[in-house]
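The values are calculated or read from the model by the stated rules, or taken from the named source; none is laboratory data. Everything quoted here is computed from the prediction, not taken from an experiment. FYI the Cβ positions are ideal-geometry reconstructions off the backbone, even for glycines, and counts take in every protein chain you see.
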Amino acid sequence: MKPQSLNGEQLVSLQEVPDYLPTRRGKKVHITTIYRWVLKGVRGKVLESALLGGIRYTSLEALQRFLGTTTTNVQESHRKAQIDVILSNRGLTMP
């Protein structure tokens, strides 16, 4: 029997995660990408997961937190790079 929730969060197996993500060029996110998010993470953030009965699960809420954090970091890094270029073009530098 598949667990439905843990601590109020809706569990999904890692195999199911691609079904909850948007496709890219008509293709789903590959399962190895999901495992990489769990094991290595992205920009220092890992996707929370738990091993229950030999099956690794995450929650939809954990997926949302992970995607929100990694997306925010990319946007902030991109904005900082833009500001650095503008300052450099004006002969100013940040310490």
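A few notes on this one:
- For Lys28: the one exception among (1) in contact (Cβ under 8 Å) with a residue 24 or more places away in the chain; (2) in contact with a Leu (Cβ under 9 Å, 6 or more places away or on another chain): (1)
- Considering residues of region 35-66 that are among the aliphatic types (A, V, I, L, M) and over 20 Å from Ser5 (Cβ atoms) only, the residue modelled with the lowest pLDDT: Val42
- Of the listed requirements (1) under 14 Å from the mean Cα position of the chain (by Cα); (2) part of a helix (DSSP H, G or I); (3) at pLDDT below 95, His78 misses just one: (1).
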